[in-house]
Amino acid sequence: MALPKSPSARHKMNKALLIILLLLPLCCGCEELRARDEANAGKDALLECNFESAFIHFSNAHDIMDHNNDINIGLAASELLLTLNSNDFKNLFQAFGFTQSIQDFCLQNINSHQDQYHSQDTNIDSCSSGISSNIQLPHTCSESVHCDRFEYIDPKLEWKDIFETISTHVHSFEHISDLLAETADQLREPYTIRDIFGFSELYIHPADLYFFAAIFELSMFVTSVASQYKTSFSVAKSLQTEDCQTYAEYINQNMGISDHPIEVSPYINMLRKSFKHLNSAFTQAQKILKNTLERTDTCPPKVSILQWSEVPYGVTDDILSLASSFATEPHIIKDIISPNITLDLNTLSFPARQPQDALASCPNDHIHIDYSIYIQAINDCTSPDLLSNNRDQIELSPGLSYRLSSGWRRWTPADL
């Protein structure tokens, strides 16, 4: 573009540029105000258990400011609640014996907690974090002391129904996990939500966000792999063991049946992503444990939704070793198995199994599962072989030993 030649024209152009530069901060400020207004409207909608409205407002706010922790957490929460309140999840919860939808439970919970919070007779514990451990979605068993929840699963519910329900919302779960992980990456200390869902204060630690992100991603991986199997059989019947022989026949006729080998490689990136966030979660958890041990006051630290302070140090060490092994390539299992094992997950697949291939049997009236075809599939992608090809039980190959620090396995002199 040619510049004006006359001094007066150049002067006018300079004035116009100056005005634009002066207005730019105001425009940015207006955008931030609009994002804040949308986020506040989203929070108000959540307080009223209006998940759809909350999701719309937080989405609008996220379109303007996509790296704001308040907005990201609000958007993740509203999208998750909206998903779990969808008709297919309502039907799924009902089939498992739950008696209320997420939205109805939310409304009831808010009312009851606000009544308790504003009651003059309520004694508030100075150590309380405002989180009730008794908050559970009402179930048919809720009023019974001794109740087998498996008995209340709808006999018509099939595993296929569960996987299809999750698959329908896989993009939502993926978006939610990305929001949670992104927020956790930005947090430097526990995040506090005040006056929401009837709680005075709700503490969220980065470890919580990483952990939930990992769970969503792991669920999507399991769903993607399981959808390749034939899963049109009853959930209730597969969980309720009858006499041994009947149960063995049921397993042989239904479980693990496929017309083709089950390829895992298309979904490995999702598995790696899950273990990466699991590794981050337990790295943060170790910091919580360290802070807990160094505290001198009597109140437990108000740092997280999950009770990380109660996780033994050894468990975090072992899970960190596993998570780091699977999070990046090359995959090497070390620290908990000696000598180290190298895995090539890209080659992992399980052979097809037909009903005539007996998987279960019933010697001495005790259920026995033949894991040999699965052990061989795992050994095909490990170096050296990880598992002993034993029909009776799963064992480490000769020459390998555990080095668990958590005590999950009873120590013997041979392990040391």
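The values are calculated or read from the model by the stated rules, or taken from the named source; none is laboratory data. Owing to the predicted nature of the structure, the values given are computational and were not obtained by experimental measurement. No Cβ is skipped: glycine too gets one built from the backbone with ideal geometry, and neighbour counts run over all protein chains shown.
Yes or no, residue by residue, for (1) over 30 Å from LYS156 (Cβ atoms); (2) modelled with pLDDT under 90; (3) surrounded by fewer than 19 Cβ atoms within 10 Å (Cβ to Cβ):
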{"site": "ASN14", "(1), (2), (3)": "yes, yes, yes"}
{"site": "LEU23", "(1), (2), (3)": "yes, yes, yes"}
{"site": "ALA39", "(1), (2), (3)": "yes, no, no"}
{"site": "GLU52", "(1), (2), (3)": "no, no, yes"}
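Report, by residue number, each residue of the stretch 105-142 that is at pLDDT below 50, of a type in the set (S, T, N, Q), surrounded by fewer than 17 Cβ atoms within 10 Å (Cβ to Cβ) and within 24 Å of ASP44 (Cβ to Cβ).
Scanning the stretch 105-142 gives GLN116, SER119, SER132.
Looking at (1) closer than 30 Å to ARG149 by Cβ; (2) modelled with pLDDT of 90 or more; (3) surrounded by 19 or more Cβ atoms within 10 Å (Cβ to Cβ), find the lone condition where ILE102 falls short.
It fails just one condition, (2).
Report yes if SER361 is of a type in the set (S, T, N, Q) and in contact with a strand residue (DSSP E or B) (Cβ under 9 Å, 6 or more places away or on another chain), otherwise no.
The answer is yes for SER361.
If we only count helices (runs of 4 or more DSSP H) wholly inside the stretch 215-324, which ones have 3 or more residues that are of a type in the set (Gly, Ala, Ser), modelled with pLDDT of 80 or more and out of contact with any strand residue (DSSP E or B) (no Cβ under 8 Å at 6 or more places or on another chain)?
It comes to 268-294.
With the condition kept exactly as written, say whether any residue in the stretch 370-388 is of a type outside the set (Val, Ile, Thr), part of a strand (DSSP E or B) and either out of contact with any Pro (no Cβ under 9 Å at 6 or more places or on another chain) or at positive phi (or both).
For the stretch 370-388, residues of a type outside the set (Val, Ile, Thr), part of a strand (DSSP E or B) and either out of contact with any Pro (no Cβ under 9 Å at 6 or more places or on another chain) or at positive phi (or both): present.
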